[in-house]
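J.: Please read through the structure below; I'll follow up with questions.
The values are calculated or read from the model by the stated rules, or taken from the named source; none is laboratory data. None of the values given here were measured: they were computed from a predicted structure. In this analysis, Cβ positions are derived from the backbone assuming ideal geometry, glycine residues included, and neighbour counts consider all displayed protein chains.
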Amino acid sequence: MSLYEKTAHELHELLQSKKISAVELTENVFDRIDEKENLIGAFLEITKKQALESAKKVDEKISRGEKISALEGIPCAIKDNICTKGIKTTCASKILENFVPPYDATVITKLKKENPIFIGKVNLDEFAMGGSTENSAYKITKNPYDVERVPGGSSGGSAAAVASGESIFALGSDTGGSIRQPASFCGVVGLKPTYGRVSRYGLVAYASSLDQIGPVTRDVTDCATVLNAIAGHDEMDSTSTNATVPDFTKSLIADVKNLKIGLPKEYFVKGIDAEVEKSVKDAAKVFESLGAEISEISLPHTEFAISTYYLIAPAEAATNLERYDGVSYGARVDGADVVEMMTNTRTEKFGEEVKRRIIIGNYALSAGYYDAYYLKALKVRTLIQKDFTDAFKNVDVILAPTAPTAAFKIGEMISDPLKMYLQDVCTVPLNLAGLPGISVPCGFTKNNLPIGFQLIGKALDEETILKAAFTYEQSQNFGGQVAK
Ligand code: GLN
């Protein structure tokens with residue numbers, strides 16, 4: 001087994017015991033990138049020189065006999081909407097083509113304390129708007145299990161890099177499913193933490209009341225380790241919670257005895273692929289055989305989640321994207337006067353999907369329609385939150401598909417935005433309710449495409465979903481592997 005195929009916790013043992021060096025590991029991952037990147041296209045920027053320099057420093061530390069942190073010397077990739085000081089952060093948009101942030105996002109500052117090896121910035125749908133990575137202004141990332149298919153999105157670069165062995169772990173962001181859905185399409189683990197668990201400072205805003213940063217990893221153990229590194233209160237993000245951060249690796253215990261798991265009937269309705277449904281229901285049986293109590297539950301307002309999300313997210317996006325005016329940030333396209341300059345800049349530099357959302361968002365927020373659309377959506381959001389509160393009176397976690405299908409073909413959905421939006425049916429309710437969710441591989445379709453299930457937890461209870469995910473993973477052969 002090559003080094004790039006191993007998990008962070010396996011590599012940590014090998015590094016600490018001097019069986020391998022960080023330089024050797026980093027070079028092995030770059031060799032894999034050389035082998036795969038032409039086919040996969042996960043990266044927007046590769047920082048090889050800096051990576052090898054920092055690997056060398058880790059090796060010096062190890063040779064001095066010092067202890068290293070769990071992520072020290074481990075190669076990682078960062079979604080390109082997370083600000084990295086001195087390294088371009090484009091959001092896969094032409095409008096930020098040359099934007100080099102003068103500061104690090106809080107998650108980067110926190111990760112740097114653990115000293116992993118930053119190998120590059122990875123692709124996404126422009127400004128994280130999409131579910132296939134086809135909306136990137138630069139390239140289409142391919143699914144490592146079938147390069148004719150999408151890796152999911154918007155964190156498609158993060159999931160594809162981890163699944164192909166081009167990175168050991170990655171950070172993604174999730175506004176309506178963007179960590180979990182690509183994780184499920186690429187056969188890796190992805191966790192969206194509780195809203196506020198991880199600082200959003202330095203994450204380029206898409207929809208601020210929904211955005212969260214989280215880990216994309218090969219297995220649940222690595223997921224807990226990365227979450228440990230990035231979670232916690234941040235005075236630079238007023239929405240970050242000051243709840244105590246547990247040691248999430250303490251949740252890595254294989255035990256679901258008497259755990260109450262609810263299967264929401266609204267997540268298994270028409271449109272869901274038969275193989276996906278079977279695979280998730282089989283996972284429920286596995287949980288049952290391990291001692292969990294399974295029951296059917298109802299989240300009655302699920303059918304309104306997509307329309308609610310696709311009003312709130314674009315409304316917030318329209319507001320957040322006002323800052324790209326050709327003056328303060330990014331690209332400028334000249335015009336005869338300031339209005340024409342702004343118009344030209346935004347017309348030329350934003351992609352189709354971003355423009356569509358700005359238009360929808362501004363429409364929903366406009367004086368005559370605010371009450372009918374935006375305000376109404378906020379009210380329905382409260383109902384969706386209440387569904388979960390009620391359900392969690394009877395169950396500890398909720399088990400559902402992550403996405404209604406496995407990875408679809410490149411080009412199959414892109415011309416039909418509504419169809420694409422429907423893909424988010426199982427993921428957006430959690431963002432609307434602020435709840436944590438983890439996607440875990442649970443099998444493959446007949447065509448060898450990964451399938452994932454999602455475990456949804458109570459607010460700030462990442463521990464229970466990690467524990468359940470770990471228990472399942474330990475009982476299976478999935479988890480930890482790289483696409484060939
Ligand atoms: N697919 C959803 C959207 O297009 C979710 C994106 C995300 O989570 N960033 O908005």
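J.: Gly214: within 12 Å of the ligand (Cβ to nearest atom), out of contact with any Phe, Trp or Tyr (no Cβ under 8 Å at 6 or more places or on another chain) and in a strand (DSSP E or B), yes or no?
T.: Yes, satisfied.
J.: Let me ask another. Report whether or not Thr471 is modelled with pLDDT of 95 or more and closer than 21 Å to Phe248 by Cβ.
T.: yes
Residue by residue, here is whether (1) polar (S, T, N, Q); (2) in contact with a Leu (Cβ under 8 Å, 6 or more places away or on another chain); (3) within 30 Å of Ala403 (Cβ to Cβ); (4) not in a loop (DSSP other than H, G, I, E, B) holds:
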position	(1), (2), (3), (4)
Ser295	yes, yes, yes, yes
Pro314	no, no, yes, yes
Thr319	yes, yes, yes, yes
Tyr329	no, yes, no, no
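J.: Under 9 Å by Cβ, and 6 or more places apart or on different chains, what pairs join a residue from region 342-360 that is farther than 20 Å from Ile414 by Cα with one that is aliphatic (A, V, I, L, M) and within 14 Å of the ligand (Cβ to nearest atom)?
T.: That search, which allows pairs on different chains as well, returns Arg346/Leu321; Arg346/Ile358.
So that you can scan it fast, the table gives a plain yes or no per residue for (1) at pLDDT 95 or above; (2) over 26 Å from Leu375 (Cα atoms); (3) out of contact with any helix residue (DSSP H, G or I) (no Cβ under 7 Å at 6 or more places or on another chain); (4) surrounded by 20 or more Cβ atoms within 10 Å (Cβ to Cβ):
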{"position": "Gly291", "(1), (2), (3), (4)": "yes, yes, yes, no"}
{"position": "Glu296", "(1), (2), (3), (4)": "yes, yes, no, no"}
{"position": "Thr302", "(1), (2), (3), (4)": "yes, no, no, yes"}
{"position": "Leu311", "(1), (2), (3), (4)": "yes, no, no, yes"}
{"position": "Glu322", "(1), (2), (3), (4)": "yes, no, yes, no"}
{"position": "Gly335", "(1), (2), (3), (4)": "yes, yes, no, no"}
{"position": "Glu340", "(1), (2), (3), (4)": "yes, yes, yes, no"}
{"position": "Thr343", "(1), (2), (3), (4)": "yes, yes, yes, no"}
{"position": "Thr347", "(1), (2), (3), (4)": "yes, yes, yes, no"}
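J.: Still on this structure, please answer the following. Please specify each residue of region 1-30 satisfying the condition of being without any contact (Cβ under 8 Å) to a residue 12 or more places away in the chain and more than 16 Å from Ser63 (Cα to Cα).
T.: Going residue by residue through region 1-30, those that are without any contact (Cβ under 8 Å) to a residue 12 or more places away in the chain are 1, 10, 13-14, 17, 19.
Once the filter is applied, which keeps residues that are without any contact (Cβ under 8 Å) to a residue 12 or more places away in the chain and more than 16 Å from Ser63 (Cα to Cα), region 1-30 yields Met1, Glu10.
J.: Confirm whether Ala137 is of a type in the set (A, V, I, L, M), surrounded by fewer than 24 Cβ atoms within 10 Å (Cβ to Cβ) and in contact with a Ser or Thr (Cβ under 6 Å, 6 or more places away or on another chain).
T.: Yes, satisfied.
J.: Out of the residues in region 162-209 meeting the condition of being of a type in the set (A, V, I, L, M, F, W, C) and within 9 Å of the ligand (Cβ to nearest atom), tell me which one is farthest from Asn477 (Cα to Cα).
T.: Ala207
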